[in-house]
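Written out below as structure tokens is the structure these notes cover.
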Amino acid sequence: MVHSSTRFFLFLFFILQVFCLQANDGAFFARGNQLIPIQEKDIKVTKEILKLTMLEDGMIEVSVYYEFHNPGAAKKVLVGFEAMSPEGDVDGTPKKGQHPYIHDFTVDLNGKKLPYAVSMVEKDGYIRDGKIASLDMKKYKGEKGGNYVDFDYVYHFDAHFQSGKNKIKHTYRYDVSGSIDYEFNFEYVLTAANRWGNQQIDDFTLILDMGNSTSFSMPKTFFDKASDWTITGVGKAVDMPAQDGLNDKPYVEFQVREGEIQFKKKNFKPAGELFVYKQRIIQNQEGAGAVKPFNVPFTHSEGQNWWVSNNPPKEQINRLYDQRYARMGAIFGDPILQRFYPI
């Protein structure tokens with residue numbers, strides 16, 4: 001048995017670790033995006049399987065499989081991948097002419113790897129006469145480095161679509177963002193898929209592999225309820241109402257001990273983007289009394305957000321300490337802990 005004073009010091013050590021992580025406001029590195037046609041009205045997206053994997057090195061790996069249908073004769077289509085510049089506690093200077101936080105970008109069309117180019121463009125209106133208007137960075141007068149830059153990126157390539165069915169495999173990695181509010185957060189643009197000929201994805205699958213023993217949240221931007229998701233493994237998804245602060249929209253809280261979560265939809269017309277985040281356990285400080293909202297993942301959904309004072313009750317300290325064992329799959333003999341850590 002661990003002495004209560006030891007638990008309290010472990011609690012304080014944990015608190016100090018969280019505050020040390022909050023020295024800077026935050027950093028937005030990059031976001032994921034769909035491949036889009038620069039100018040195309042006929043070719044349709046018949047199938048897409050999108051998988052996002054959280055890597056141990058603090059990156060998101062994106063793997064996308066597309067099937068397209070070209071109803072007419074073979075044609076060449078200019079296809080782009082839009083990438084916002086980083087901002088915040090970052091260095092936004094391009095690296096070797098590319099986005100500094102997007103890595104290993106590849107595109108394969110019908111079994112053939114395609115070459116691509118990267119253009120730095122104005123944040124709005126970069127398409128002119130069906131072509132990409134690249135900035136001349138030698139003459140460019142805007143900010144080109146530091147925490148904020150004044151341009152965005154487009155990765156673009158010529159795709160030769162044969163008549164009928166075409167397959168594209170697309171991969172890249174990007175750094176996961178974070179802030180004083182979020183332990184991590186990342187987003188992926190889904191609505192860009194509406195720019196293809198059918199203005200939808202006929203058969204869409206989204207897979208998120210966030211690792212084991214983790215918890216995260218997702219606002220209901222393109223889906224309606226927790227039951228729209230399937231957990232392949234051990235975990236749970238809970239519908240949560242909108243709250244003041246970061247959770248200003250209804251959202252789903254996911255707690256995954258092991259496995260992946262999956263969303264499937266036919267005739268998918270995304271009306272919003274994917275945003276995944278994990279709030280920091282201590283989010284802010286309220287007044288001189290140092291009373292803080294405290295979130296304990298892997299617990300039941302009711303009463304999960306505690307308000308913790310400078311002298312937290314022994315029960316809260318004990319439950320925080322036992323969380324490490326809950327993450328490892330421990331089965332508790334105490335009926336109170338069994339209810340508190342139900343998965």
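The values are calculated or read from the model by the stated rules, or taken from the named source; none is laboratory data. These figures come from a predicted structure and were not determined experimentally. Counting neighbours? That spans all protein chains shown, and the Cβs are built from the backbone with ideal geometry, glycine included. What goes into the accessible areas is simple: the full protein's heavy atoms, side chains included, and nothing from ligands, DNA or RNA. Shrake-Rupley method; radii C 1.70, N 1.55, O 1.52, S 1.80 Å.
Here are the numbers:
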quantity: Close pairs (6 angstrom Cβ cut-off, 6 or more residues apart or separate chains): free of Cβ contacts under 8 Å to residues at least 60 places away in the same chain in region 86-111, open to solvent by 20 Å² or more (accessible area, probe 1.4 Å) and among the charged types (D, E, K, R) anywhere; calculated: Asn110/Lys167
quantity: Tabulated pairs, region 231-252, first charged (D, E, K, R), second open to solvent by 40 Å² or more (accessible area, probe 1.4 Å), C-beta under 6 angstrom, 6+ apart or interchain; calculated: Asp239/Lys225; Asp248/Ala242; Lys249/Ala242
quantity: Enumeration of residues in region 234-269 that are open to solvent by less than 50 Å² (accessible area, probe 1.4 Å) and of a type in the set (Asp, Glu); calculated: Glu253, Glu260
quantity: Filter result for His156 (surrounded by fewer than 21 Cβ atoms within 10 Å (Cβ to Cβ) and more than 22 Å from the chain's Cα centre (by Cα)); calculated: no
quantity: In region 68-98, residue nearest to Leu35 (Cα to Cα) [restricted to those that are assigned to a strand (DSSP E or B) and open to solvent by 30 Å² or more (accessible area, probe 1.4 Å)]; calculated: Glu82
quantity: Residues (open to solvent by less than 60 Å² (accessible area, probe 1.4 Å), within 30 Å of Gly88 (Cβ to Cβ) and modelled with pLDDT of 95 or more) located in region 9-52; calculated: Leu50, Leu52
